[in-house]
1. Just subtract the alpha-carbon distance of A147 and E32 from 0.36 nm times their residue separation and send over the number in nm, one decimal.
2. Between rounded, prolate and oblate, where does the range 89-142 land on the alpha carbon gyration tensor, with a ≥ b ≥ c its root eigenvalues, rounded for a/c under 1.5, else prolate if a/b exceeds b/c?
3. Label the range 1-110 by shape, choosing from rounded, prolate and oblate, from the square roots a ≥ b ≥ c of the eigenvalues of the Cα gyration tensor; if a/c is under 1.5 it is rounded, and otherwise prolate applies when a/b is larger than b/c, oblate when it is not.
4. Ranked highest first by the average count of other Cβ atoms within 10 Å around their residues, in what order do 51-60, 103-112, 15-24 fall?
5. If R₀ is 30 angstrom, what is the calculated FRET efficiency for the pair N17 and S67, using the beta carbon separation as r and rounding to 0.05?
6. Give me the percent of the accessible area of the range 57-136 that comes from carbon and sulfur atoms, probe 1.4 Å, all protein chains in place.
Amino acid sequence: MSFNVYGNATPATINGNDSDDYALGTVVQITEAVTITRARQYFSNPLPSGPVVWRVSDLSTHDILVSHTFTSPTSGWVEQDLASPLVITGARNVVVWSGTPDGYVFTNGFFTSAATVSGPLTAPKSADDPEGIGNGRFGGSAGSYPAGTSGATAYFVDLVVELAPNEGATSFDAYFTLAGVGDAPAAIIPSGIAAFGLTFVLAGVGVAPAPPPPPVRG
């Protein structure tokens, strides 16, 4: 199952452009193990005049964990596969951001009053940003980490994640054999299964009745 932050939400302004480059992003709290599989962003109309580079950075260190350059985007929501999906092994706070040469979209005050929650992803309201800056990240250079904010504004820079499979939850086969007429089936469970429950309700099947005693001969 896949998850993203913004779902089908659309920005209030889709034609932001003041002929300057920006870094714009979203603080996202990842609460469990996931794999980041796709870059996602709402593109302006008209489109930016040049390449838009999407990135995920660690919230504490600002190190870039993965990046992607959008190819041939169209206005509106765009999702593109990452060349190398990124595995996040546990809870982690990140900033999903992109650098644009000019065009962008936004909704002022989007993160003022409430967080946006989608499965293992939470975009906190601005007052709850773990870095203490605020959500709806803003920076004045397309290639630099967006270290500021502007009125809890959402810029609709997003990501797509897949849940990691639960450890020990891989599929297995159980083999059943009948060890004689009337015997209940015996389950043979492969080793390595931490917990397993199985209940049989078998109509008319049980231990075969004992045969009658032989006749007494005089």
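The values are calculated or read from the model by the stated rules, or taken from the named source; none is laboratory data. Bear in mind that the values here come from a model prediction, so they are computed numbers and not experimental data. Because the Cβ atoms are built from the backbone with ideal geometry, glycine has one as well, and the counts that use them run over all protein chains shown. These area figures cover heavy atoms from the full protein model, side chains too; ligands, DNA and RNA do not enter into them. Shrake-Rupley method; radii C 1.70, N 1.55, O 1.52, S 1.80 Å.
1. Working: separation 115, 0.36 × 115 = 41.40 nm, distance 2.51 nm.
Using 0.36 nm per residue and subtracting the Cα-Cα distance, I get 38.9 nm.
2. Prolate is the answer for the range 89-142, as a/c is 1.5 or above and a/b outweighs b/c.
3. Values: a/c = 1.69, a/b = 1.64, b/c = 1.03.
Judged from the Cα gyration tensor, the range 1-110 comes out prolate (a/c at least 1.5, a/b above b/c).
4. Values: 51-60: 18.8, 103-112: 20.5, 15-24: 16.5.
With the highest mean Cβ count within 10 Å placed first, the list reads 103-112, 51-60, 15-24.
5. 0.80
6. Values: 1750 of 3630 Å².
Here it works out to 48 percent.
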